[in-house]
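Here's the structure, in structure tokens; my notes come after.
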Amino acid sequence: MEQKNTPPLATHERGSVVITGCSSGIGLCVAKGLQAKGYKVLACCRNTQQQAILSEYFEQVVVFDLAKSDEVEAGIAQILTITGGHIYALFNNAAYGQPGAVEDLTREVLEQQFATNVFGTHQLTCGLLPALLAQPHARLIQHSSVLGFVGMGFRGAYNASKYALEGLTDTLRQELMNTNVQVSLIQPGPVLSHFRKNALKALKAHINMAQSRHAATYALSLQRLQTEGAAVPFTVPPEAVLKRVLHALESKNPKVRYPVTQPTYVLGFLKRVLSHRLFDTLVKAASKA
């Protein structure tokens, strides 16, 4: 199948945009923003409590937990039924961050992180890819992170999951080069959302902080994760991500990667020009906060 060079159809003529992780933060902002611009949004969330809230904003809401394969399969079937297979774009937004030093991560905790951030996302993508390929134009947008290319201490599980997502996405993009599906990665730095709130729950639930040799650092992590509002400089609102998603959806030639926030640009530049050891020293200093 040859890549189409003509512009996509008008917004109201396109198929649905499927978005995961719509219960709050970036997902909710993007879903509302696209709907306001005339897109047909199919919002996805993890449980029925979130579904009840989202039903106030969206006509159709699909519930499934990315960490559970059977629920993902059911979600795929429901999405295809609701849309009739007419899907313009998939925005894989849902994810969570598991804090903790690498040595404090059990195999089970790491598997949980990958189950949602990688395996479930991959399963959903593959399940909807035939519908995307059937359209005259289609977009696949993956929500990565600055931590998808910069390893930062005490974020190893999340780092690894986003590195894996970027690797799969880069490969898939090559495999789809001569099709109608264009693939983009969104790489945010600090964005105002519920991400820290969810990370705090994961830290308390899965890391034995008191018995770790990193107990003092965990105390700083708890302080940061419990901070209301922006916890670090250059934090931006979720609308900054919406702007990039819109470009990825509407541009004739969407970018392969969309950095978001100043830290993402700066760290990307420094990783290219500094030695590995100097870059590690710089990032380590930032990791302690």
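The table below lists the values:
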item: Residue that is modelled with the lowest pLDDT, among those in the stretch 268-287 that are under 25 Å from the mean Cα position of the chain (by Cα) and exposed (fewer than 13 other Cβ atoms within 10 Å of the Cβ); result: 284
item: Residue 34 vs. criteria touching a residue at least 40 places away in the same chain (Cβ under 8 Å), part of a strand (DSSP E or B), more than 29 Å from residue 154 (Cβ to Cβ) and touching a helix residue (DSSP H, G or I) at 6+ places or on another chain (Cβ under 8 Å); result: no
item: Index of the failed condition, residue 145 passing every other in (1) under 25 Å from residue 278 (Cβ atoms); (2) modelled with pLDDT under 95; result: (2)
item: Selection from the stretch 48-79 of residues that are farther than 22 Å from residue 35 by Cβ and free of Cβ contacts under 8 Å to residues at least 12 places away in the same chain; result: 70, 71, 74, 77
item: Residue in the stretch 110-130 that is in contact with a strand residue (DSSP E or B) (Cβ under 6 Å, 6 or more places away or on another chain) and either basic (Lys, Arg) or more than 22 Å from residue 201 (Cβ to Cβ) (or both) present; result: yes
item: Flag for residue 39 being within 25 Å of residue 175 (Cα to Cα) and surrounded by 17 or more Cβ atoms within 10 Å (Cβ to Cβ); result: no
item: Count of the stretch 254-289 residues which are at negative phi, touching a residue at least 12 places away in the same chain (Cβ under 8 Å) and outside any helix (DSSP H, G or I); result: 9
item: Only listed residue being farther than 23 Å from residue 120 by Cβ and surrounded by 15 or more Cβ atoms within 10 Å (Cβ to Cβ), chosen from 224, 213, 173, 155; result: 224
item: Qualifying residues in the stretch 126-152 (those that are in contact with a helix residue (DSSP H, G or I) (Cβ under 8 Å, 6 or more places away or on another chain) and part of a helix (DSSP H, G or I)) - the one surrounded by the most Cβ atoms within 10 Å (Cβ to Cβ); result: 148
item: Hey, residue 121 within 15 Å of the chain's Cα centre (by Cα) and crowded, with 21+ Cβ neighbours inside 10 Å or not; result: yes
item: Output for the stretch 47-68, where each listed residue is closer than 25 Å to residue 113 by Cα, part of a helix (DSSP H, G or I) and of a type outside the set (Val, Ile, Thr); result: 49, 50, 51, 54
item: Selection from the stretch 83-115 of residues that are part of a helix (DSSP H, G or I), crowded, with 16+ Cβ neighbours inside 10 Å and of a type outside the set (Asp, Glu); result: 83, 109, 110, 112, 113, 114, 115
item: Residues located in the stretch 176-203, provided they are surrounded by fewer than 17 Cβ atoms within 10 Å (Cβ to Cβ) and at pLDDT 95 or above; result: 177, 179
item: Total residues in the stretch 238-252, condition touching a residue at least 12 places away in the same chain (Cβ under 8 Å), within 23 Å of residue 93 (Cβ to Cβ), of a type outside the set (A, V, I, L, M) and surrounded by fewer than 17 Cβ atoms within 10 Å (Cβ to Cβ); result: 2
item: Considering residues of the stretch 167-196 that are touching a residue at least 24 places away in the same chain (Cβ under 8 Å) and in a helix (DSSP H, G or I) only, the residue nearest to residue 25 (Cα to Cα); result: 195
item: Condition check for residue 245: at pLDDT 95 or above and over 22 Å from the mean Cα position of the chain (by Cα); result: no
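The values are calculated or read from the model by the stated rules, or taken from the named source; none is laboratory data. A quick note: this is a predicted structure, and the numbers were derived from the prediction, not measured. Cβ atoms come from the backbone with ideal geometry, glycine included; neighbour counts cover every protein chain shown.
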